[in-house]
Amino acid sequence: VQLQASGGGLVQPGGSLRLSCAAPGSIFSRSVMGWFRQAPGKQRELVAAASRGGSTNYADSVKGRFTISRDNAKNTVYLQMDSLVPEDTAVYYCNSRDSSMTVYWGQGTLVTVSS
């Protein structure tokens, strides 16, 4: 199973990026979809997650700046990141988790916030 993440890059502080992650429909339709990130020297952490029913949760550090959304027709989850700060620099991974706790990961996409 392959989750395809894209959209990372270099952005200045205060800028925006949108990450995308496409999943096989059989996985997407039954899974909570999430975004995690791992900064150099740090543990991987949950950034945001969206359930099949549309409920969402966010890490405190990104609340009010990041928005996760799902497009069920495209089997894609997005992470809109606004007001980016250097501390958001990390490799971002998408993730799926279904009710049997089966988890899949995308390959990671690098986000660098720097002037």
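The values are calculated or read from the model by the stated rules, or taken from the named source; none is laboratory data. For clarity, every value in this text was computed on a predicted model and none was experimentally measured. Every residue, glycine among them, receives a Cβ derived from its backbone with ideal geometry; neighbour counts consider all protein chains shown. These area figures cover heavy atoms from the full protein model, side chains too; ligands, DNA and RNA do not enter into them. Shrake-Rupley method; radii C 1.70, N 1.55, O 1.52, S 1.80 Å.
Restricting to DSSP H runs of at least four residues, report the calculated mean residue ellipticity at 222 nm for the chain, -39500 (n - 2.57) per run over all residues, nearest 500 deg cm²/dmol.
-500 deg cm²/dmol
Averaged per residue, what accessible surface does the chain expose to a 1.4 Å probe, in Å²?
Values: 5860 Å² over 115 residues.
It amounts to 51 Å² per residue over the chain.
Positive end of the dipole of the chain, charges at C-beta (+1 Lys, Arg; -1 Asp, Glu), about the Cα centre: which of I68, Q12, V103 has its Cα farthest in that direction?
Positive-most Cα among the choices belongs to V103.
Based on the mean of other Cβ atoms within 10 Å per residue, sort peptides 71-83, 51-63 so the most packed one is first. Could the numbers behind the result be given before it?
Values: 71-83: 17.2, 51-63: 12.7.
Highest-to-lowest ranking by the protection proxy: 71-83, 51-63.
Counting only protein heavy atoms, what percent of the accessible surface of the chain is carbon or sulfur at a 1.4 Å probe? Walk me through the intermediate numbers first.
Values: 2800 of 5860 Å².
The computed percentage sits at 48.
Count charges around G54 for me, please; just the other residues with Cβ under 15 Å from its Cβ, Lys/Arg as +1, Asp/Glu as -1.
Numbers: positive: R30, R52, R70; negative: D71.
Spelling it out: positives minus negatives among the neighbours equals +2.
About the Cα centre of the chain, what is the dipole size in debye to 20, counting +1 per Lys and Arg Cβ and -1 per Asp and Glu Cβ, all else neutral?
Working: 11 positive and 7 negative charges, 48 e Å.
Rounded to the nearest 20 debye, it is 240 debye.
How large is the direction-averaged shadow of the alpha-carbon convex hull of the chain, in nm²? Working shown, then result.
Values: hull surface 26.6 nm².
So the Cα hull casts an average projection of 6.6 nm².
Can you classify the stretch 60-114 as rounded, prolate or oblate using the Cα gyration tensor, where a ≥ b ≥ c are the square roots of its eigenvalues, rounded means a/c under 1.5, and otherwise it's prolate if a/b beats b/c and oblate if not?
Values: a/c = 2.05, a/b = 1.65, b/c = 1.25.
Taking the square roots of the gyration eigenvalues as a ≥ b ≥ c, the stretch 60-114 is prolate.
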